[in-house]
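A short reminder: the numbers here are calculations on the coordinates, not readings from a lab. In this text, all values refer to a predicted model and were calculated from it rather than measured experimentally.
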Amino acid sequence: MSDVLPINADGQAGLFTSTKQRMMDLYVRGSCELYGLDAKLRALAAEPEEGAATAEYAIVLIAATAFAGVLMTVLKSDAVKTLLTNIVKKALNVG
């Protein structure tokens, strides 16, 4: 394939020749973009994202809040208050 563009009598490249050249330029640019996209996808596949997504963070926060609520209810009960009070009294009496 020759890189020389034939010139018409008016000094311009022919319609088919200039169109062919534009198509080759598009092909080269498209290939570069495609290779870049392929490289990005390979990098993402090799090193997947770590951590939780926003929806997962929301679920974790809801679960943590629910657990905190249950824990507060248990700690405020009379049986647990008495148990903790006795543990503290025994610890203070030992010293």
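Please give the length that would be gained between Asp38 and Asp78 if that part of the chain were fully extended, namely 0.36 nm times their separation in residues minus their C-alpha to C-alpha distance (nm, one decimal).
Values: separation 40, 0.36 × 40 = 14.40 nm, distance 6.36 nm.
Length gained, Asp38 through Asp78: 8.0 nm.
Residue by residue through the stretch 65-73, which ³J(HN,Hα) values in whole Hz follow from phi under the Karplus form 6.51 cos²θ - 1.76 cosθ + 1.60 (θ = phi - 60°), with glycine and proline marked x?
The phi angles translate into 5, 5, 5, 4, x, 5, 5, 5, 5 Hz.
Output ³J(HN,Hα) for the stretch 29-45: one whole-Hz value per residue in order, computed from phi by the Karplus curve 6.51 cos²θ - 1.76 cosθ + 1.60 with θ = phi - 60°, and x for Gly and Pro.
My calculation for the stretch 29-45 gives 5, x, 5, 4, 5, 5, 5, x, 5, 4, 5, 5, 5, 5, 5, 5, 6 Hz in order.
Can you run phi through the Karplus equation (6.51, -1.76, 1.60; θ = phi - 60°) for the stretch 84-93 and list ³J(HN,Hα) in whole Hz, with x for Gly and Pro?
5, 4, 5, 5, 5, 4, 5, 5, 6, 6
Report the Rg/Rh value for the stretch 33-95, based on alpha-carbon coordinates and the Kirkwood definition of Rh.
1.51
Determine which lysines satisfy two conditions relative to Lys90: a Cα distance under 25 Å, and not lying fewer than 8 residues away in the same chain.
Here the lysines satisfying the reach criterion relative to Lys90 are Lys76, Lys81.
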